1. Can you check what the net charge comes to around Glu264, using other residues whose Cβ is under 13 Å from the Cβ of Glu264 (Lys, Arg +1; Asp, Glu -1)?
2. Over 18 Å between Cα atoms, which of Lys84/Lys128; Lys128/Lys330; Lys29/Lys192; Lys166/Lys330; Lys228/Lys257; Lys194/Lys232 qualify?
3. When only Cα pairs under 8 Å and 6 or more residues apart are kept, what is the percent relative contact order across the range 1-153?
4. Compare the Cα positions of Thr32, Asn289, His249 along the charge dipole of the range 2-345 (+1 at Cβ of Lys, Arg; -1 at Cβ of Asp, Glu; about the Cα centre) and return the one farthest towards the positive end.
5. Of the accessible area of the chain, with the probe set at 1.4 angstrom, what percent is carbon plus sulfur?
6. First check a/c for the range 38-120, with a ≥ b ≥ c the square roots of the eigenvalues of its C-alpha gyration tensor; if it is under 1.5, answer rounded, and if not, answer prolate when a/b is larger than b/c or oblate otherwise.
7. Using a/c under 1.5 as the rounded threshold, could you call the range 179-281 rounded, prolate or oblate? The axes a ≥ b ≥ c are square roots of the C-alpha gyration tensor eigenvalues, and prolate needs a/b larger than b/c, oblate otherwise.
8. To check you understand DSSP bridge types, tell me what percent of the beta bridges within the chain (both residues inside) are antiparallel, rounded to 5.
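The values are calculated or read from the model by the stated rules, or taken from the named source; none is laboratory data. Remember, it's a predicted structure, so these values are computed and weren't measured experimentally. Counting neighbours? That spans all protein chains shown, and the Cβs are built from the backbone with ideal geometry, glycine included. The accessibility values were calculated without ligands, DNA or RNA, using every heavy atom of the protein model including side chains. Shrake-Rupley method; radii C 1.70, N 1.55, O 1.52, S 1.80 Å.
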Amino acid sequence: MLKSAFGTDRQGKAVEVYTLSNAKGTEAKIATLGAILVSWNFKDKNGVVRDVVLGYDDAADYLKGTCYFGATIGRSSNRIAGGKIVINGVDYQLEQNDGDNNLHSGSNGMHAVNWDVDAVSENSITLKYLSADGEQDFPGNMTVKLTYTLSDDDELTINYEAVSDKDTVANFTNHSYFNLGGHDSGDIFGQKLKIYADAFNPVTPTGSIPTGELRLVEGTPFDFREFKEIGKDADADYDQLSYTGGYDHNFVLDDKKEVRIMAEAICEETGIHLYGYTDCPGVQLYASNFVNGEKGKGGAVYNIHQAFCLESQYFPDSINNPAFETPLLKAGDVYKSTTIYKLALD
Ligand code: BGC
């Protein structure tokens, strides 16, 4: 297992990057900071190695950045209305880092902390983080273990496990920005996407909080049930797209509680095909609407619509919405979740 220096965290402690590799020569680099997927190198149909995720060259840039490139988001991914939650009758006010709302657990979320290395092998790494009672304003001491495994089949499996000593929120995701043409190849609107969802969560005109409605995708720009170019309907005159400046919505997956397919994407130029699988109830499609002049890896500059995220998760603000499956983790219970991204040339 190759290990290299990647700068320091906010406390000056060393951040390292570990390289997972498989028999085919595919490589995925994972930083201890934020348990971030820094790069994923895969040989395309022409034999050219492409790094299919956006990112930065060192820890300092990740700590400065506001895009959450490749990061592990926790305890709570996506938005919580007003940053307010009530657990067992007690009110908790979380950081309001997105207008009035809490987004991705605030500025001290698990994307911004340095995780400990628990175990490593050639193709897998387990990172561990102990989040203290009151950290990010959430109740409970929480221990989180996260394992990335790269199989010889080019599947990158992310297993999350968390336990808390008080009832709290557990809703983890990975915030990778995919560009199947390569991280520095520009616009993704020509790449094709399929999402295994019949419905999505419309959001409020400001603040992007789900209204509670589950709207069928049929007849809307959100219909990705068959492969469609991401850009095809992205600029359609449709209220939900104008509220959020483009695709930035949760899609409702079927109600199976097992790992099943959530989405696929294809880039015809490189032949790279991404498959996504999860046991989560939803997946957020975010088309990098707010990325603007971000200086990334190897001198690349990333702009709007140059990547897409498929963030598996509980529905946004589900902690406050009794109609949605709850991300509440009871004290002593074990939160377990699995998301798999797979690259192929078929
Ligand atoms: C959110 C976007 C946000 C992005 C980066 C996504 O998960 O849905 O609204 O801009 O993360 O913070």
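1. After counting each charged neighbour, the total is +4.
2. Checking Cα-Cα distances, Lys84/Lys128; Lys128/Lys330; Lys29/Lys192; Lys228/Lys257 exceed 18 Å.
3. 20 percent
4. Sorting the options by dipole projection puts first Thr32.
5. After summing per-atom areas, the C and S share lands at 48 percent.
6. Taking the square roots of the gyration eigenvalues as a ≥ b ≥ c, the range 38-120 is prolate.
7. Note, shape of the range 179-281 comes out oblate.
8. 100 percent
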